[in-house]
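In what follows, a structure is listed as structure tokens, so that the remarks can point back to it.
A short reminder: the numbers here are calculations on the coordinates, not readings from a lab. These figures come from a predicted structure and were not determined experimentally. All Cβ positions, glycine included, derive from the backbone under ideal geometry; neighbour counts span all protein chains shown.
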Amino acid sequence: MLTVLRNIAQEIDLAGDLVSALRIVARSVRAAMRVHLCRIYLVDHKRQQYVLMAFDNNDVLPVPSQSVALDDGLLGLVSERVAPVAHLNLTALDGKGKLAFLGVPIVYHRQVLGVIAVEEADHRIFSEDEEAFLVTLAAQLAGTVVHAKDMGFIFRAEVTPLEATCLQGISAVAGVAIGQAKVVYPPADLDAIPDRLITNTKSEIKRFSAALDLARLDIVHLQQRLESTLPKEEQVLFSAYLQILNSADLKADICAEIEKGQWAEGALRRIIKKHVMQFAAMTDHYLKERAEDILALGQRILYHLQEKRDQPGTYPEKTILVGEKLTAADLADVPIDRLCGVVSYSGSGNSHVAILARAFNVPTIMSAAGFAVAELEDKRVVIDGYHGCLYSEPSAKLLQSYTLWAKEEKELDKQLQALAHLPSQTPDGRDVGLLLNAGLESDVALALTVAATGVGLFRTELSFMSKPQFPTETEQKNLYRQLLQAFAPRPVTMRTLDIGGDKALPYLPIREDNPFLGWRGIRFTLDHPDIFLMQLRAMLSASAGLTNLQIMLPMITSVDEVDDALALLQRAYEEVSAQGLKITKPKVGIMLEVPATLYQIEALAERVDFFSVGSNDLTQYILAVDRNNARVCARFDPLHPAVLRALHDAVGKAHACHKPISLCGEIASDAVAVVLLLGLGFDQLSMNPGILLRIKWIIRTIPYEQAKALVQRVLLWNDAGLIRLEVEAMLDNAGLGGLIRAGKE
Ligand code: PEP
Ligand code: MG
């Protein structure tokens, strides 16, 4: 069965579209299990019915019904139980004879998406092996079905009118945004191209022909450029490429697909995939390899098709950026004064793209699912970042409400400006320093515009990520100097290079099976003293004549890592001092983000001056939930009782060692979490600039003793959901409801 499963998986991969994939499955299942009929239904949730997507029979049994009510008969039982259902003695539809039936659900995130059902016209007992085979297949299929649903491949004609539909995701940045959707497709990834129906086939063919010409021109230029350097036999490749691009068949096939009403990108995907499949199935090794060439050329044509759509300047005035898998670079491409909101179908609130969106303070929804991204193109949409909802083409009433709330939010932000120069102190006199998280070169300007106590986290890796190679020591020094000077005398905490995990340098790809448990942060820099020393020297020399530099070490797990890092820092200090620069030794701190550090705080406190909790990673490692994985993002909850207890211990131990402790993860920007962080006794919180005054409003409104009493109460609870509700009630009672929902109150 394993070989059969593997072959089916491969065929599904190559199928190109969902219906073909389901047909392949139906055919393969019937052959492998030797049954009379295999049928595959998918659930149309809107109509509450199963829709027949594919079947394969040998005419012994009649053609199955096209649709079945969701609660009807044995299929209904499968969806009710969310488990396989077998029946050995079923009366056939025509009343003659008996049937054996086995149905297994296609399940994703506890929801039944469809059913694979097999039937036999005789008495038959399906073995446990056969049931396991179908269950495995259904699990494999679930991902494909979900993907196709997101891309809008199924039930296209029946897609819910979007006016009334809310696309549900998780809230990553609170706030209300109203704007026009701009869909970003991954560059030149044929697999990610959805089907899309068009009416003007003529102009689409013109668009395709122009892209084809440009792809041809690329190859000719490449051929000319490499003529003198590449051996003759290698140059044959370009002739082969041109032959494919000039092939009348290829062009005709794609144009025919467009004539049927498919847009150029979709037609290209369908035909290229078909050719790739044909070549890949050949036994001749040489011809088999041509599949790769065809795919590469397809991507190249696609690149030219997309180039037109994605030229800068095509972003609407109020852009809501939407994508299957948005990246930080996609965000950075949008002129900042046009970016109003972000919706990504993958990732979580802790993905890099969400962190950047938070830095820009634009309402953001991650891990959204429901209808096709392409369906949203150019539509007017509303984002409710508090509840993780996106409304497309909202009704006049809905739009009116959100317009009012958006206006109120602006008013609130304006009113909060009055707090800018007031101390960040609770009504009962406790000071809580509010610091900034930063990382971009442009963040230097924050020194003037945001009244913060300083920078609590400068993510130095961001400037490394936007370069084509490691930045030179001088480049680094110049950036750090600007920042230190701009904020002086306020402290600037620079974190040493924290790459790995989801932060890759384009010029140093690190491939690992478990990147979040791998070569990250200090583990990388200690293994690369050359790179580490360069950065430490740049930081120290940037601080010449100033006293506000603080250095922070990420991903510390063991005490010896701190010893090694301090030894290198001492060496850098001596080297810079030897140049005659007057350097004040910086305070050094570590991030508490690996649970192991929580059990070594005393030993660590002997070596460093301060602690800062990285709650993004600490939550990920305590809960064993990948901070980036949309499948488990609902389980990533920093209010989980285990995380709160860990934070409580960390603060207690740091204070017992007379060391200050701050928190610089994303929860310092979350109104509900901040009440708890206040009650837990954190000395400082470091957050995104756009949220700072809102957080100051909380600090100036809720007495420390009240927050502390709340923490003592909820620390005994076991349900993060109840804890959140309790804190929300406190915020509401304190007149701070505007921080947890759209509008002012
Ligand atoms: C954290 O882990 O909480 C943190 C602040 O660091 P980063 O998000 O950059 O990993
Ligand atoms: Mg971290």
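Determine the percent antiparallel among the DSSP beta bridges restricted to the chain, to the nearest 5.
Antiparallel bridges: around 55 percent, rounded to the nearest 5.
Restricting to DSSP loop positions (anything but H, G, I, E, B) with no more than 12 other Cβ atoms inside 10 Å of their own Cβ, which GluC sites (Glu not before Pro) remain in region 587-619?
606
What share of all Cα pairs of region 2-150, in percent, falls into each consecutive 5 Å distance bin?
2, 10, 21, 25, 22, 13, 5, 1, 0
With a 10 Å radius around each residue's Cβ, average the other Cβ atoms per peptide and rank 409-416, 360-367, highest first.
With the highest mean Cβ count within 10 Å placed first, the list reads 360-367, 409-416.
Assuming 0.36 nm per residue, please report the length gained on full extension of the stretch residue 422 to residue 317 beyond their Cα-Cα distance.
Length gained, residue 422 through residue 317: 34.3 nm.
Once you've got the Cα coordinates, tell me which of 46/98; 325/696; 410/467; 653/708; 407/503; 46/410 are over 26 Å apart.
46/98; 325/696; 410/467; 407/503; 46/410
Apply the Debye scattering formula to region 655-745, with a single equal point scatterer on each alpha-carbon and no solvent, then give log10 I(q)/I(0) at q = 0.14, 0.18, 0.24 Å⁻¹.
Each listed q corresponds, in turn, to -0.49, -0.81, -1.36.
Relative to the longest principal axis of the chain, what angle (0 to 90°, nearest 10) does the C-alpha long axis of helix 473-487 take?
Around 60 degrees separate the two axes.
Within region 26-64, report the trypsin sites (Lys or Arg not before Pro) that DSSP leaves as loop and that have at most 15 other Cβ atoms within 10 Å.
Those that pass, being in a loop and sparsely packed, are 34, 46, 47.
Per-residue counts of other Cβ atoms within 10 Å, averaged by peptide: what ranking do you get for 61-68, 398-405, highest first?
Averaged packing, sorted descending, gives the order 398-405, 61-68.
How big is the C-alpha Rg of region 346-453 next to the rule-of-thumb value 2.2 N^0.38 Å, as a ratio?
Computed over Cα atoms of region 346-453, the ratio equals 1.37.
So what is the relative contact order of region 2-150, in percent, for Cα pairs below 8 Å that sit 6 or more residues apart?
20 percent
With labels modelled as points extended 7 Å from the Cα through the Cβ direction, what inter-label distance (nm, one decimal) is found for residue 517 paired with residue 277?
Each label point lies 7 Å from its Cα, and together they span 3.8 nm.
If R₀ is 56 angstrom, what is the calculated FRET efficiency for the pair residue 131 and residue 469, using the beta carbon separation as r and rounding to 0.05?
Between residue 131 and residue 469 the formula returns 0.50.
Length gain on complete extension for the stretch residue 570 to residue 527, per 0.36 nm per residue less the alpha carbon to alpha carbon distance?
Gain on extension, residue 570 to residue 527, equals 13.8 nm.
Work out how much length residue 239 to residue 200 would gain on full extension: take 0.36 nm times their residue separation and subtract the Cα-Cα distance, in nm to one decimal.
10.7 nm
Please list 559-565, 619-625 highest first by mean number of surrounding beta-carbon atoms within 10 Å per residue.
Most protected by this proxy first, the peptides run 619-625, 559-565.
To the nearest 10 degrees, how steep is helix 18-33 against the longest Cα principal axis of the chain, on a 0 to 90 scale?
Computed tilt is about 60 degrees.
Straight-line reach from residue 397: which aspartates and glutamates have Cα under 16 Å away, leaving out those fewer than 8 places along the same chain?
163, 384
In percent, what relative contact order does the chain have, based on Cα pairs under 8 Å that are 6 or more apart in sequence?
11 percent
Using the Kirkwood formula on the Cα atoms of the chain, what hydrodynamic radius do you get, in angstrom to one decimal?
Mean inverse Cα-Cα distance, inverted, gives 29.1 Å.
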